[in-house]
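Student: Quick one: the structure is below, questions incoming.
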Amino acid sequence: MEFPDNLRYTKSHEWVRVEKDGSVVMGITDYAQDAMGDLVFIELPEVSGEPVAKEEAYAVVESVKAVQDVYAPLTGRVTEINDELPNTTEVVNQDPYGDGWMVRMEIEAEAELEELMEAAEYEEMVSDIS
């Protein structure tokens, strides 16, 4: 299982990567995709300019085992979605931190980034669950 150091993590198993332009890219973690099994359906939000609040469900992933909401780790506006995912759900299972990204957002409160876990902290949390 991977826990890249350049990402931040949530207790609900989402990851965040801050880009050079200040935007953030988000998705579900390797642990989350592994626990869910093969994904068969992904519903992403529309790029509407409407704000998404921290901890608000913004996407849905469905596997052969379960249906799970994906929660926003930060408050912001969705500026881009990975529109390939609904047709290639397996990419999240194969590359959750790369091609399996879900949305790009402009964040409203940079301070919220500091509330997210670093890789070592998230890895410890996951090891306690397993």
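Student: Between VAL47 and GLU19, how high is the FRET efficiency from 1/(1 + (r/R0)^6) when r is the Cβ-Cβ distance and R₀ = 22 Å? Nearest 0.05.
Tutor: The formula returns an efficiency of 0.85 here.
Student: Now for a different question. Counting only helical runs of four or more DSSP H residues, what would the 222 nm mean residue ellipticity of the chain come to if each run contributes -39,500 (n - 2.57) and the total is spread over all its residues?
Tutor: Counting only the DSSP helices, I get -4500 deg cm²/dmol.
Student: Oh, and also: Quick one: accessible area per residue over the chain, 1.4 Å probe, rounded to a whole number of Å²?
Tutor: About 54 Å² of surface per residue is accessible.
Student: Given points 7 Å out from each Cα along the Cα-Cβ axis, report the ASP128 to LEU113 separation in nanometres with one decimal.
Tutor: Rounded to a tenth, the inter-label distance reads 2.6 nm.
Student: Mind putting a number on the dipole of the chain about its Cα centre? Charges go on the C-beta only, +1 for Lys and Arg and -1 for Asp and Glu, and I need it in Debye to the nearest 20.
Tutor: The dipole of the chain has a size of about 140 debye.
Student: Remind me, relative contact order of segment 73-127 in percent, using alpha carbon pairs under 8 angstrom and six or more residues apart?
Tutor: 43
Student: Want the number for ALA120 to VAL60: 0.36 nm per residue separation, take away the alpha-carbon distance, what's left?
Tutor: Answer, rounded to one decimal: 18.9 nm.
Student: While we're here: Quick one: which residues, 5+ away or cross-chain, put their amide H under 5 Å from the amide H of VAL40? H built at 1.01 Å from N.
Tutor: Correct list: GLU62, SER63, VAL64.
Student: Can you sort MET26, MET125 by solvent-accessible area, 1.4 Å probe, largest first?
Tutor: Largest accessible area first, the residues go MET125, MET26.
Student: Can you give the extra length, in nm with one decimal, that the chain gains between SER12 and ARG77 once fully stretched, where that is 0.36 nm per residue apart less the Cα-Cα distance?
Tutor: Taking 0.36 nm per residue and subtracting the Cα distance, the gain is 21.4 nm.
Student: Using a Cα-Cα cut-off of under 23 Å, which lysines could be cross-linked to LYS65, ignoring same-chain neighbours fewer than 8 residues away?
Tutor: Result set, ordered by chain and number: LYS11.
Student: Please list, in order, the residues from segment 6-36 whose amide nitrogen is less than 19 Å from a point placed 7 Å along the Cα→Cβ vector of GLU106.
Tutor: The answer is 17-26.
Student: Carbon and sulfur together cover what percent of the accessible area of the chain at a 1.4 Å probe radius?
Tutor: 43
Student: Next question. Using alpha-carbon pairs under 8 Å, 6+ residues apart, how would you state the relative contact order of the chain in percent?
Tutor: 30
Student: Right, something else. What fraction, in whole percent, of alpha-carbon pairs in segment 30-130 exceed 19 Å separation?
Tutor: More than 19 Å apart: 48 percent of the Cα pairs in segment 30-130.
Student: First check a/c for segment 38-85, with a ≥ b ≥ c the square roots of the eigenvalues of its C-alpha gyration tensor; if it is under 1.5, answer rounded, and if not, answer prolate when a/b is larger than b/c or oblate otherwise.
Tutor: Oblate is the answer for segment 38-85, as a/c is 1.5 or above yet b/c matches or exceeds a/b.
The values are calculated or read from the model by the stated rules, or taken from the named source; none is laboratory data. Please read these numbers as outputs of a predicted model, since none were measured by experiment. Positions of Cβ are backbone-derived with ideal geometry, glycine not excepted, and every protein chain shown enters the neighbour counts. When the accessible area is computed, the model is the full protein with side chains, heavy atoms only, and any ligands, DNA or RNA have been set aside. Shrake-Rupley method; radii C 1.70, N 1.55, O 1.52, S 1.80 Å.
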